[in-house]
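**Student:** My questions all concern the structure below.
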Amino acid sequence: MAQYTFLLPDVGEGIHEGQLVEWLASAGDTIKEDQPLVRIETDKAVVELPSPVSGKITQLKGEPGEIIHVGDPIAFFEIEGAAPAPSHHHDAPAAQAAPAAPAPQAAAPAAPAHTATLAATPAKRPQDVLATPHTRALARQMGVDITRLQGTGRAGRITDEDIQAAASGQIAAPAPQAAAPVHQQVADQAAQAHTARTPVAAAPPAAANVEVTVHGPVERVPQTFLRRKIAEQMVLSRQQLVHVTHIEEADVTELFKHYDESKKALAKRDIKLTPLPYFIKATIACLKEFPIFNASYDAQKGEILFKKYYNIGIAVDTPEGLVVPVIKDADRKDIVTIAQEIRDLAKRARERTLKIDEMRGGSYTITNIGPVGGVFATPIINYPELAILGLHKIEDRPAVVDGEICVRKRMYLSTSFDHQLIDGADAARFMRTLAEMLAEPAYLFTRF
Amino acid sequence: MVVGNLNASEGCDALVIGAGPGGYVCAIRLAQLGKDVILVDARASLGGVCLNEGCIPSKALIHAAETFEHLQHADSMGIVLEGTARIDMPKLKSWKDSVVKRLTGGVATMEKMNGVRVMQGTARFLGPNQVELMQDGRPIMIDFEQAVIATGTTAIELPFMPFDGEFVIGSREALDLEEVPEKLVVIGGGYIGLELGTAYKKLGADVTVVEMMDQLLGGSLEPEINSLLNKRCKQLGIQVLLQHKAISAKPGKLGEVVVEDKDGKQKTLPANKVLVAVGRRPNTSKLDLATVGLQADAQGFIQVDIERRTAVPHIFAIGDITEQPMLAHKAYREAKVAAEVIAGHPAAYDVRVVPAVMFTDPEIASAGMTEAQAREAGYNVQIGVFPLKASGRAMTLGAPEGLTKVVVDMDSQRLLGVHIAGPQAGELIGEGTLALELDAFIDDIGHTIHAHPTLSEAVLEAAEIALGTCAHFASPKR
Ligand SMILES: Cc1cc2nc3c(=O)[nH]c(=O)nc-3n(C[C@H](O)[C@H](O)[C@H](O)COP(=O)(O)OP(=O)(O)OC[C@H]3O[C@@H](n4cnc5c(N)ncnc54)[C@H](O)[C@@H]3O)c2cc1C
């Protein structure tokens, strides 16, 4: 006899918490491997988790209605023989994950020896779900498995908003990603950050326990899912990090001379250019020089995770709220490629048709608030990242150059950083380097 | 190009085999999506069965027959014909042919405009990325990265009375007759047999329809519509022999067909022509599918997934060869899906309803579940049936026979099915199809204004009957 502990596995699509709906077996029951054990509702779907082992259930943890997190022990078994390694969400059975469509394949190998067969059709097909053709197509576009959603519309109809909510569940909090272990641990840690079991009814963490009184006519508008996720992420960041903001000023007169020329050269070739990619390139050069700014912190192990990849999140302002698509491996892309990617991602962010994968995996975030206005700001860090860069308005300002007052293109740069791991002097050095690079294209371009 | 290969050879990104509604649309869409496409078909004119020997020519013939019939009954509206109306079959045929030619020519133009290379010949697979196209006994090799099989179907032959093109004919020959046969026996009471049988009856033939089952049209009809159809067949003078099967034929200028009822009692039917319309079989046996690792099922269908991808990932199949129903508009949708998937876009054949229209008399159309299917599926079913007798528009058309029926889930109020019999049923089903695909509730239809006086009001009325708010017809209390 051996003991086996079942930890709540990652139920797919990077979800790290769910609500216990019901137990499908009781303590004392003898259960077979793959027999249904528990139903869990996530913000995407209700999933049935099968028992990972055959054996006798000694204890079940959690009541229906409770929120449980990925990695929480939820069931204890007595099993025959030696104990297998306890389940862990990295390799746990994927809860009835819908089979992914095979990717298009250019060519098959030479004459096959046997007859190929099709995978069995899943029990529930997209057309069995209550949703219009438009909504079904939207789900495909956004990489959401519509058969796993529960609709909020009349008679359970799935709406466009349901699809967008399912897709944007990950906007604020990046989720575990199989291919990037470092990143994954960090995200796990994000999930651990609120280990206390909170009852579901308690709305966003931001909600204070204060009654809201009204003294005149009001219109009540329910909070959108995206807004709730943004709120959760902001509170989490504020709870976990000690925010300090440092401001620097940069002279970008020379950079813009170069930019204007490049823009003209590219326009002749029908290629559009914006200044943002230059800032991304300069930032990456600085991140390489000051790696702590591209790091995260694993509180459980007490280790700092220096990320060796440069996936730059770009904060995009959309009518529904802030969305942060990510430019993957921006260090390996040229200015034109980055410009094109930003244009495409921002457009789709506003249309809310980004795929989940396009919004996660960031290592550092830039918010380009300048074009909207203001002098400078104190941005909130996209946790579990440790710092964020704000780009502010670029305008002609008087400056002293070689003892003369003249008109220069200048801008403020802000960085919020986590003072637990980064000191003010580090931030000052980081920002000074960045300002120098932006001021001297001849220096900057040597670091591309 | 393979050096040293004596055969001519071609290459493309995507090869489409068969230029019917599935293939010709798929080729155009693939080209629109930037693929280099070759479209091949054994016949010289594009459009497959649908344009050349199916939907289009049959509907031309049916329309002509209907017009002829209307003329004969126009006197009640005060239209007096001096002398008698007469059918000139060769002229009718050349009008029908001109319609077909216009449409097939149009398809050829569209392919050309989109840069699709069209080649005539019969294709078979030589390997996973190559087919051989036989052109007048001369092979051409075509290499492809991805292929779409859209080879359609052929009429099934009865072994004991094979097609001879003269006495025993299929639907293709039935659309090309030089004269109206005096006596026509139709074997098979499916939609193809019944549509053509009705048309020839209206053109003046003596028509007998022989059907093995105990109902016409495969027993798929709503009972209300089935009885309307039977009544109308009787009225037109079409003899319907249910639960009878053909057992032999004796060809001749005036030949005969022997049929047998379920008790084995035989009957001899004199006939100038026998139209055998007992179903269609997928054209998959001559493709050498085994060389790519594919196998058709026992009936010849190729299994596909929701993206219309076969078990071999770079080969797709669409149209009549994938699954029932064998209808052109299903092929159109599958064509778009396959093309988009091949071009790397997310797409799926995830339609909920495929409408079906039978150009019989009355015209019959349906979308979604029948009442019986809905009950079977466990829904708490509510129906609304509106007879065209109560439709002002139907009366002004002189066509008060028909009905509209909606099937509704009482618990959720969702629309589950729409069934229509009567003039323009095929046009009217569009509303039902859209409503079903958009997941409409019955009040979505009931609260939508339908223009007056039109037949489309009959769909509204049926919805209102289901809702209990109809003002134009006193339905039996529910
Ligand atoms: C009398 C009649 C009436 C009909 N009426 C209607 C109607 O009203 N509405 C409706 O929706 N449907 C109707 N249909 C059905 C409709 O015609 C089919 O559903 C439709 O044509 C199917 O399209 P497809 O692309 O699958 O194949 P098809 O139209 O059958 O085309 C397949 C093509 O592939 C070619 N081909 C086959 N094998 C090879 C090969 N090895 N190499 C090269 N080419 C090959 C054939 O020559 C053919 O042109 C009717 C059919 C008939 C017979």
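Since every read-out is calculated from the coordinates, none of them should be taken as a lab result. Here the structure is a predicted model, which means the values were calculated and not measured. With ideal geometry, Cβ positions are generated from the backbone for all residues, glycine too; neighbour counts draw on all protein chains shown.
**Student:** Let's test the formula: R0 of 51 Å, r as the Cβ-Cβ distance of A:THR274 and A:ASP128. What FRET efficiency results, to the nearest 0.05?
**Tutor:** 0.70
**Student:** For an R0 of 22 angstrom, estimate the FRET efficiency from the Cβ-Cβ distance between A:ASP396 and A:ALA428 and round to the nearest 0.05.
**Tutor:** It comes to 0.25.
**Student:** Report the net charge of residues surrounding A:ILE31, where surrounding means a beta-carbon distance below 14 angstrom and charges are Lys +1, Arg +1, Asp -1, Glu -1.
**Tutor:** -4
**Student:** If the viscosity is 0.692 mPa s and the temperature 37 °C, what Stokes-Einstein diffusion coefficient in µm²/s follows for region A:227-445 when Rh is the Kirkwood radius over Cα pairs?
**Tutor:** Roughly 182 µm²/s, to the nearest whole number.
**Student:** When Cβ neighbours within 10 Å are restricted to other protein chains, what is their mean count per residue of peptide B:347-353?
**Tutor:** Per-residue shielding by partner chains comes out at 6.
**Student:** Averaging sequence separations of C-alpha pairs under 8 Å and six or more residues apart, then dividing by the length of region B:272-377, give the relative contact order as a whole percent.
**Tutor:** About 16 percent, as a whole number.
**Student:** Classify region B:168-278: rounded, prolate or oblate, from the alpha-carbon gyration tensor (a ≥ b ≥ c, eigenvalue square roots; a/c under 1.5 rounded; otherwise prolate if a/b is larger than b/c)?
**Tutor:** Verdict is oblate for region B:168-278.
**Student:** Name the GluC sites (Glu not before Pro) in region B:65-132 that are in a loop by DSSP and that have at most 15 other C-beta atoms within 10 Å, would you?
**Tutor:** Qualifying residues, ordered by number: B:GLU82.
**Student:** Helix B:457-467 versus the longest principal axis of chain B: what is the Cα-based angle in degrees, 0 to 90, to the nearest 10?
**Tutor:** Computed tilt is about 70 degrees.
**Student:** Something else about it: Could you work out how far apart the two model spin labels at B:HIS63 and A:THR5 are, taking each label as a point 7 Å from the Cα in the direction of the beta carbon, and quote it in nm?
**Tutor:** Here the modelled spin labels are 7.6 nm apart.
**Student:** Ranked highest first by the average count of other Cβ atoms within 10 Å around their residues, in what order do B:259-269, A:211-221, B:308-318, B:153-163 fall?
**Tutor:** Result, highest mean first: B:308-318, B:153-163, B:259-269, A:211-221.
**Student:** Given 10 °C and 1.306 mPa s, compute D for region B:219-290 with the Stokes-Einstein relation, Rh being the Kirkwood radius over Cα pairs; round to the nearest whole µm²/s.
**Tutor:** It diffuses with D of about 103 µm²/s by this estimate.
**Student:** Something else about it: Once a ≥ b ≥ c are taken as the square roots of the eigenvalues of the Cα gyration tensor of chain B, is the result rounded (a/c under 1.5), prolate (a/b larger than b/c) or oblate (a/b not larger than b/c)?
**Tutor:** oblate
**Student:** Write down the Kirkwood hydrodynamic radius of the protein assembly as shown, to one decimal in angstroms, obtained as one divided by the mean of 1/r over all alpha carbon pairs.
**Tutor:** When all Cα pairs of the protein assembly as shown are included, the Kirkwood radius is 33.2 Å.
**Student:** Could you state the angle between the C-alpha long axis of helix B:328-342 and the longest principal axis of the C-alpha atoms of chain B, as a value from 0 to 90 degrees rounded to the nearest 10?
**Tutor:** Computed tilt is about 40 degrees.
**Student:** I want to check the label-to-label distance for B:MET212 and B:HIS70. Put each point 7 Å from Cα in the C-beta direction and report it in nm to one decimal.
**Tutor:** Spacing of the two 7 Å Cα→Cβ label points: 3.8 nm.
**Student:** What does the charge add up to near B:HIS472, with Lys and Arg as +1, Asp and Glu as -1, over the other residues with Cβ less than 12 Å from its Cβ?
**Tutor:** Its environment carries a net charge of -1.
**Student:** Taking the simple approach of a point 7 Å from Cα along Cα-to-Cβ for both B:PHE160 and A:LYS32, what is their distance in nm?
**Tutor:** Here the answer is 5.0 nm between the modelled labels.
**Student:** Now, a different point. Find the relative contact order for chain B and round it to a whole percent, using C-alpha pairs within less than 8 Å whose residues are 6+ positions apart.
**Tutor:** It comes to 14 percent, rounded to a whole number.
**Student:** Helix B:55-72 versus the longest principal axis of chain B: what angle, 0 to 90°, nearest 10, using Cα atoms?
**Tutor:** Helix B:55-72 and the main axis of chain B meet at about 30 degrees.
**Student:** For A:GLU289, what charge total do you get from the other residues with a beta carbon under 12 Å from its beta carbon, if Lys and Arg give +1 and Asp and Glu give -1?
**Tutor:** Around A:GLU289, the charge tally is +2.
**Student:** Quick check on the protein assembly as shown: helices-only [θ] at 222 nm, where DSSP H runs of length 4 and up contribute -39,500 (n - 2.57) each and the sum goes over total residues. Nearest 500, please.
**Tutor:** -8500 deg cm²/dmol
**Student:** Just want the ordering: A:GLU303, A:GLU249, from fewest to most Cβ atoms lying within 10 Å of their own Cβ.
**Tutor:** Starting with the residue having the fewest Cβ neighbours, the order is A:GLU303, A:GLU249.
**Student:** Still on this model: What's the FRET efficiency of B:HIS345 with B:LYS253 using the Cβ-Cβ distance as r and R₀ = 41 Å, to the nearest 0.05?
**Tutor:** About 0.10, to the nearest 0.05.
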